[in-house]
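K.L.:
Starting off with a structure, shown below.
Values in this text are rule-based calculations from the coordinates and carry no lab data. Bear in mind that the values here come from a model prediction, so they are computed numbers and not experimental data. Cβ atoms come from the backbone with ideal geometry, glycine included; neighbour counts cover every protein chain shown.
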Amino acid sequence: MALPVVKSANGHTVLLQDGRSLFDACGGAAVACIGYGREEVVEAMAKQARSVAYVPWAFFDNEAALELRKWLLASSGGEMHKAYIMSSGSEAVEAAMKLARQFFLWSGQPQRSAYIARDLSYHGCTIGSLSLSGHSARRQPFIPLLNSASIQHISSYNPYRFQATGQTTAEYEALLEAELDAKFHALGADTVAAVILEPVVGAAMGCVPASPSYLAMVRRLCDKYGALLIFDEVMCGMGRTGTLHAWQNPEITGPESVVPDLQTVGKGLAGGYAPASALLVGKTVAAKMDATDAIFTHGHTYQDHPVVCAAALAVQQYIVNNQLLANVQAMGARLGQQLRRHVANIPQVGNVRGIGMFWGIELVMDRESKRSFPVEETVAYKVHRVGVESKATLVYYGQGCGGNKTGDHIMLCPAYDVTEEEVDKLAETVGEMIRDFLFVFITKKMKEILTVQLGELANYIGTHFWNTQESYFTYSKDDVSLINHDIHWRQGLGADGSETYLPRTLVYDFKQNLGSLRQISPLYDPDDDSTTAWAQTPSVHRADPIAPSAFQAALDAGRPPLRPSATDVRFWSDTARVYLHPRSLVALDNIELAAPKDAAAVGPAPWARGTQLFHTLDAAHDLLDRDLRPLAEEADCLQAVQVVAALDDVWAPFAAAYVERLRDDFGKTCVLVWGPTTPEAPADSAAMRRARIEAKARALVDLYAHASLVVPLAAPPRVPSAYALDWTCKWHVGGLYATAMETAGLATRLARGAVGMDEVQGVLNAHGGQRLMRLRMTARREDATALETAGQEASAEGDMPETDLDMLDLLGPTAGRMRARSAGDSTQVFSRILTERSAHSAAAAVRTTPEYIGRTVTRRYAVPQGFPLLDSFPSIYTGMRDVADETAAVQVVVSADSGVSNEMEALKRVAVGTVGAADREELGNGLSEIVDEYRDGWWSGSESEDD
């Protein structure tokens, strides 16, 4: 996309080539500190250029450079003793790194070569300065080039994001002190050359000032361990906070001032009139240089450039002559007041913070939980575009303030000579910009989720899922459900004109698996006596009807049903408590598969038969147009399609082809695939096992290419005694899988604070290429308190609870299988979502944890709603009683981690032997691509621990 072209600028206004004029409320990136077109500066630059435009710094000094260095040192009140004039902030930071290193070489401490920087920071775009930076989006393309061994990171200071509820400032800062102290020891205290930080973090976090006590603590630890302290004031310095240097501001460093050993300045030095920056050297380093007659080994072509120095001197003189630092203080306080008046009360504004002419506004989806908008929504950028397109106002935008690329903020950095009228108008306009964006965003926010169930095992899971959804209904205005039913249910009209409320689902299966379920439910054809259009008397041939189960008979008679046993359940419909819309049920004749009696079993060549089944039906009917599109188009705004299909029978290739069509026709819609597998039975033949492995491997490769997320649900290799599962009973297996699936998605259907499926996708696939997930679960009856205790302890520690069922088991319990992982392997987690549910949970709504850059992307949702143990649900959790309102406490962790790579590597080694030579290379390459994503997706070991 071509950027707008600036034609001219004057004062605080930028004129574009297309005729639009914009009020510049950000000075680019806090650069244009005195506005544009100041004649004093332009004339000083011209005068210098006429005198001498360039001097090679290695051979000569020049008057402009001498004057600027003298002025900078005087401005520090005698705290700084040397100055080096450069061209950019990145260069100044790089020079500070070099000088810190050389200082210790001159001091006889050559072992000091390590640096400690902070997460959520930005120090420049050169390789050295980028190594110091803790901004993942800027770092990620260059990870292999960055120095992660000797440059390590600690947490940033950001109370809004990272100070826990109920935690005092002193307690929060004590944790940060302990972390910094531990980092010194981890690196070796005598190996650390310097700690670098921004007194007010700018672009990376959106104007977050440090506290005086925090900076004093950092200074104290640096002194304790003999390290230098570097302040990066490239963005926040040179008057931006109301004092020339940020460390001179008592609101930032306290009345005594925390003085750095080295300081970088930049953007506001020459105000954008010329590319200027500087490295200022404190007395400790300067004294060593003087004592040893040391020469600083560093130099760039345009160092001490005379025209640049003349511009910087003129800008600083303009600030002094017009008393602009006093204006920054007064107008900065006013801007803060006006922002709190016009902006802070917007529900999606999480935090307004700043100082002087340096203010940040953080935007969140939910103020209470501080949940960030999904990264792909690019909210801050869109607010910026609203300003440019309709409000004639230019603001700075950024992402990443919440960690791991998430978190949106805009920044206001007006010129120092801004007026009261401009400040008041700016605050009002920014409020309008945010509201205008939110109106469009919220009205377009996606809501409905459409479920597609493919095959017998999927429909056992689906039956449990829909029974559970129906149990959440409330029938009194005083009894408010936690669940937004409209996400999964659809309104309609029955045959008699009465309103219906039925599952938003498509159910595919063979007729022989439907049991007593009728194609048209009594809601839509209660008598089933309709005549045909055929003029003659029809000859009707009916199969022997299947008697309803005892459970269904009790429901039809209006009696409370008893929980059936495993032997009582013959079909998935035997325990269904909800009706289906006629369009929801797609019943297939077995002849369409040309298969033996058990049409859904693996049988011979399941992949070829399933593929043929889909393409035959699709060619005849266009399945998506006939079945799915009517349900999708009646939704207000479809947010996702979730597909449930076995990975190891004829429905696996059917699902793969179906999802590919979904992706073609619904390109940007989230497509979530739940992939249950059939537990192996001792009687299964070797051929059957091989066929299942082939189906799993092919399905995962194809689904991975087109689905947004794929979550396998496999029988765990080890099941604790707390579970009473009959693995030969699909009703049992479906109940376990449905518990996992329903709990994992619970936060997406809450009535208050729901999480969008796009956000779930963004969190779990945070690194862009990891779409295959691992699911682990623990479930207990509510009075089995060990689960909740473990969850509370994990929450308090900020860690994940232990789970006892791992459903990423793609090879099954086959003896001698080729598994890559071992008990001693460590698992690296890229991203994960924990959902905790319990009727006795203290949580009132969704709760989320902070996200930290470079570490695991973590979300934790706590919902005060146990999993309903209905009379249609098997007694698979030990100690279940026949109590109407009994629930289970469940914890589900869905994660992208290195265990996926290990499992897929093992599957690959087995699966390539199940296919012919013609397909072997293609299948192996497809599996290898998935494996690589979970190896390359993690940064280096040092990065994962310390970035």
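K.L.:
Can you name the helices of the chain, as whole DSSP H runs, whose Cα span along the helix axis is 24 Å or more and whose Kyte-Doolittle mean is not below -0.5?
P.N.:
89-106, 169-187, 324-342, 420-443, 686-706
K.L.:
For Asp568, Asp809, which order do you get if you count the other beta carbons within 10 Å of each Cβ and list the fewest first?
P.N.:
Asp568, Asp809
K.L.:
I would also like to ask the following. Need one number: nm distance between label points at Asp932 and Ala137, each 7 Å from Cα along Cα→Cβ, rounded to one decimal.
P.N.:
Spacing of the two 7 Å Cα→Cβ label points: 2.7 nm.
K.L.:
Suppose R0 equals 22 Å. What FRET efficiency, 1/(1 + (r/R0)^6) with r the Cβ-Cβ distance, do Val578 and Glu633 give to the nearest 0.05?
P.N.:
Values: r = 23 Å, r/R0 = 1.03.
So the FRET efficiency works out to roughly 0.45.
K.L.:
Kindly identify region 55-321 as rounded, prolate or oblate by the Cα gyration tensor criterion: order the square roots of the eigenvalues as a ≥ b ≥ c, call it rounded if a/c is under 1.5, otherwise compare a/b with b/c, prolate if a/b is larger, else oblate.
P.N.:
prolate
K.L.:
Can you give the FRET efficiency to the nearest 0.05 for Ser213 and Lys47, using r as the Cβ-Cβ distance and R₀ = 41 Å?
P.N.:
Efficiency at R0 = 41 Å is approximately 0.30.
K.L.:
Quick query: amide H of Tyr36 versus all other amide H atoms, modeled in the peptide plane; which residues come in under 5 Å with a sequence gap of 5 or more or a different chain?
P.N.:
Correct list: Gly11, His12, Thr13.
K.L.:
For Leu105 and Ala557, calculate 0.36 nm times their separation in residues minus their Cα-Cα distance, and state this gained length in nm to one decimal.
P.N.:
Between Leu105 and Ala557, full extension yields an extra 153.7 nm.
K.L.:
Show the residues, 5+ positions off or on another chain, whose built amide H is closer than 5 Å to the amide H of Ser211.
P.N.:
none
K.L.:
Which value in nm describes the separation of the simple spin-label points at Thr13 and Val440, placed 7 Å from the Cα toward the beta carbon?
P.N.:
Label at Thr13, label at Val440, 2.5 nm between them.
K.L.:
Please report Phe59, Phe654 as a ranked list, fewest other C-beta atoms within 10 angstrom at the top and most at the bottom. Numbers along the way, then the final one.
P.N.:
On the way: Phe59 6, Phe654 27.
Listed from fewest to most nearby Cβ atoms, that is Phe59, Phe654.
K.L.:
Still on this structure: Long-range amide H contacts for Arg118: which residues qualify at under 5 Å (H placed 1.01 Å from N, peptide plane, sequence gap of 5 or more or a different chain)?
P.N.:
Amide H neighbours of Arg118: Ile154.
K.L.:
If R0 is 35 Å, what FRET efficiency do you get for Lys425 and Asp223 from their C-beta distance, rounded to 0.05?
P.N.:
Working from the Cβ atoms, E equals 0.15.
K.L.:
Tell me the label-point distance for the pair Ala149, Asp479, using the 7 Å Cα-to-Cβ offset, in nm and rounded to one decimal.
P.N.:
6.6
K.L.:
Report the residues of region 683-725 in range of a label on Ala566: point 7 Å along Cα→C-beta, backbone N strictly under 11 Å from it.
P.N.:
724-725
K.L.:
Same structure, new question: If packing is taken as the average number of other Cβ atoms within 10 Å across a peptide's residues, how do 38-44, 111-117, 460-466 rank, most packed first?
P.N.:
Numbers: 38-44: 16.3, 111-117: 21.6, 460-466: 27.3.
So the peptides 38-44, 111-117, 460-466, ranked by packing, come out 460-466, 111-117, 38-44.
K.L.:
With the Cα gyration tensor of the chain in hand, convert its eigenvalues to equivalent ellipsoid semi-axes via √(5λ) and list them largest first in whole Å. Show your work: numbers first, answer last.
P.N.:
Working: eigenvalues 764, 179, 128 Å².
Computed over the chain, the values are 62, 30, 25 Å.
K.L.:
To check you understand DSSP bridge types, tell me what percent of the beta bridges within the chain (both residues inside) are antiparallel, rounded to 5.
P.N.:
For the chain, the DSSP antiparallel bridge percentage is about 55.
K.L.:
Got a sec to turn the phi values of region 774-780 into Karplus ³J(HN,Hα) couplings, 6.51 cos²θ - 1.76 cosθ + 1.60 with θ = phi - 60°, whole Hz, x for Gly and Pro?
P.N.:
Result, rounded to whole Hz: 10, 10, 10, 8, 9, 9, 9.
K.L.:
Quick check: residue separation of Asp486 and Arg909 times 0.36 nm, minus the Cα distance between them. What number comes out in nm?
P.N.:
Between Asp486 and Arg909, full extension yields an extra 147.8 nm.
K.L.:
Still on this model: Hey, what do the phi angles of region 197-209 turn into as Karplus ³J(HN,Hα) couplings, whole Hz, using 6.51/-1.76/1.60 and θ = phi - 60°, x for Gly and Pro?
P.N.:
7, 9, x, 10, 6, x, 4, 6, 10, x, 6, 10, x
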